[in-house]
Every structure is written in C-alpha cells, then in structure tokens.
Amino acid sequence: MGQVNAAEIETVDGAVARLAVRRGTWLVGRGPEAHLRLHSGHVSPRHAWIRCDARGTRVTDAGSRTGTWVNGQRLAEHETRLLRDGDRLSFGPIGAVFSDVPAAEGARPRPGRVLVAPGLLMVVAGFGLWASAVDGVPLGIAGFVVFVLGAILTVAGVAMTGFTRAPENPAPSREESR
C-alpha cells in the first residue's frame, strides 16, 4: 500500500471532483455534508463512505439507490471493499478512479523531522538552566551544554528535512496543468 497521504479518488468522464484521502472517514454523495460532492440526481445525498486507516482504504455503500460499484461489481447495501491502486469506482452513474501511489520524493517525510522538536525543547530547557544559574556554576555549565546540544540537534534536523528553503519553481498541481 502507498502512503496514505498520497491517495485520492478522482471522478472521470466529465464530472470534475477529487478527494484527497487521508486517515479518517469521508462521505461521498450529493448532499451538502459530503466530502466528495457529486452533482447528480442519481447519486444519493449519503451515497458511500470512504474510510482510511493503517489497514488501508475501504469503500462502503451507504444504502444508496443506484449502488456503489468497484471494478464493475456492485456492493451490497453496507458492504465494504478494500481499495487498491487503479480500482474503478462508480457512485451511481458517476465513475471515479482510486489512486494510491507513493508520495513524490519531495513530499516524503524525512528522518530529520524527529530531531527538530526535541532539539528546540533542549534549547529552551538548556537556556533556562543556564540563565537561572546565578551561583550554581555546575548548573550553568550543564544548562549551556544542553543548550548547545539542542541547537546542534535542531540545525541537523532542519538540514535533514530540507525545509530551509521553499522551491523556487514548484511543479504545477494536476488542477493547474489541465
């Protein structure tokens, strides 16, 4: 399975709607509360549910009138089906495709992220110990050491994640390229 933050459901055949699938539960339908809103009288207000968690992304028919289909097979009312990359979905007459591809190289989380928060915490704590040590020289030295180590962790984390500079010419989104 690809990374959850890279999955999406996109309608095809002229209907333009897209749902970025992240962890959680998402409603598909024509009602105003739908996360993936489909404008068709043949789509129920609460047509289907999309659920995404560590086990994968699943679609469940919500008791729709015209049915929820996965790869040409109609789901029974309240039936759930695990989705795979490239699955073709139909919500009544509206077709869609499920994509679950690994995130682009630049969007992939980098290991340095886990260093930034503890590094900043150490900087603050170290500075506090260092600044509050009036007569306690050992406490001041310990605070200074914690402060310096925190600064090193923070700088290393920032360098590893690569968010020191935003890209100057970001790639156009799929919406912009149409």
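The values are calculated or read from the model by the stated rules, or taken from the named source; none is laboratory data. A quick note: this is a predicted structure, and the numbers were derived from the prediction, not measured. Cβ coordinates were reconstructed from backbone atoms using ideal geometry, including for glycine residues, and neighbour counts include every protein chain displayed.
Some observations on this one:
- Count of the range 25-47 residues, restricted to those that are in contact with a Leu (Cβ under 8 Å, 6 or more places away or on another chain) and not aromatic (Phe, Trp, Tyr), is 10.
- For the range 44-60, the candidate set comprises residues that are at pLDDT 95 or above and in a loop (DSSP other than H, G, I, E, B); within that set, the residue that is surrounded by the fewest Cβ atoms within 10 Å (Cβ to Cβ) is Pro45.
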